[in-house]
1. Taking region A:19-62, which residues are of a type in the set (Lys, Arg) and in a helix (DSSP H, G or I)?
2. Could you list, in sequence order, the residues of region B:2-34 that are over 28 Å from A:Gln29 (Cα atoms) and either in contact with a helix residue (DSSP H, G or I) (Cβ under 6 Å, 6 or more places away or on another chain) or within 7 Å of chain A (Cβ to nearest Cβ) (or both)?
3. Could you check region A:63-84 and list, in sequence order, the residues that are open to solvent by less than 50 Å² (accessible area, probe 1.4 Å), modelled with pLDDT under 80 and assigned to a helix (DSSP H, G or I)?
4. Provide a single number: the residues in region B:37-51 that are open to solvent by 30 Å² or more (accessible area, probe 1.4 Å), at the interface with chain A (Cβ under 7 Å from one of its Cβ atoms) and assigned to a helix (DSSP H, G or I).
5. Out of the residues in region A:30-42 that are touching a helix residue (DSSP H, G or I) at 6+ places or on another chain (Cβ under 8 Å) and at the interface with chain B (Cβ under 7 Å from one of its Cβ atoms), state the one that is farthest from A:Asp66 (Cα to Cα).
6. Any chance region B:6-23 includes a residue that's assigned to a loop (DSSP other than H, G, I, E, B), open to solvent by 70 Å² or more (accessible area, probe 1.4 Å), modelled with pLDDT under 90 and not small (Gly, Ala, Ser)?
Amino acid sequence: MTKDLTHYNELWQQARAATYDRNAEVAEQFVPKMYDELINQGYKPYPARRKIEKDCVVMWRIETIDKWIPDEAKDKGKQEAAKASVEARKTKSLTEPKIKIFVTQGQVLQISTASHLSTDGSIWIHANAMRDFLEAVPDKPKSEAPEPLTVQPVSSAPIKAK
Amino acid sequence: MTKDLTHYKELLQQAKTQTETALATVAKRFVPELYTELRSLGYDPDVTRQKIVRDCKSLWIYEVATIVGALQ
């Protein structure tokens, strides 16, 4: 016989909601007091928040705890998150493929991506810088335009400047 | 500066006690209803108890004691 658990699941949902409500009531009562006590004992706002989260996570959800943490501790958290994000972007930028440009007689012969520096006089710049550079250079008249650029795979041997 | 966490620990203990009390109240209200519903669907008593403990473990941290207490 197939069991219809619809009503049971509804009851469970109600129990969960009631649990969260009651937890929120207790958290509202205690989190501000605990926070003030830690600050009085010399904790900085963000470490105080972290300690309360760590100590109370077995009782309440993090969201419930943070709801009653003063803004000064939350702002610090946002600052640290933003800082971590900037660092991550920097790291990503440094590991992005670079572009190798071969130039002869004032004309670009070849652009290729590669993963190693060479000693053949070619120029290396970051892909982002190359994009900025190309966007900044005004279009030349057709008669002065160089040969079309070719992009070769990483493993290709570069064309030497004559 | 040496940190004296005595009062903080007292507050934490009070919070735990009140949380347990609050959860026990919720469990006392809902567990009998959950139990009755499952029994009416044909679940055996032991299976019913095990299912409620499993389903409610994530809700009530002090789960087994809280749930079993509410079942008695």
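1. Once the filter is applied, which keeps residues that are of a type in the set (Lys, Arg) and in a helix (DSSP H, G or I), region A:19-62 yields A:Arg22, A:Lys33, A:Arg49, A:Arg50, A:Lys51, A:Lys54.
2. B:Glu33, B:Leu34
3. Those that are open to solvent by less than 50 Å² (accessible area, probe 1.4 Å), modelled with pLDDT under 80 and assigned to a helix (DSSP H, G or I): A:Thr64, A:Ile65, A:Ala73, A:Gly77.
4. 1
5. Filtering first and then ranking leaves A:Gln41.
6. no
The values are calculated or read from the model by the stated rules, or taken from the named source; none is laboratory data. Computed from a predicted model, the values in this text were never measured in an experiment. With ideal geometry, Cβ positions are generated from the backbone for all residues, glycine too; neighbour counts draw on all protein chains shown. Each accessible area value is taken on the protein alone, full model and side chains, heavy atoms only, with ligands, DNA and RNA left out. Shrake-Rupley method; radii C 1.70, N 1.55, O 1.52, S 1.80 Å.
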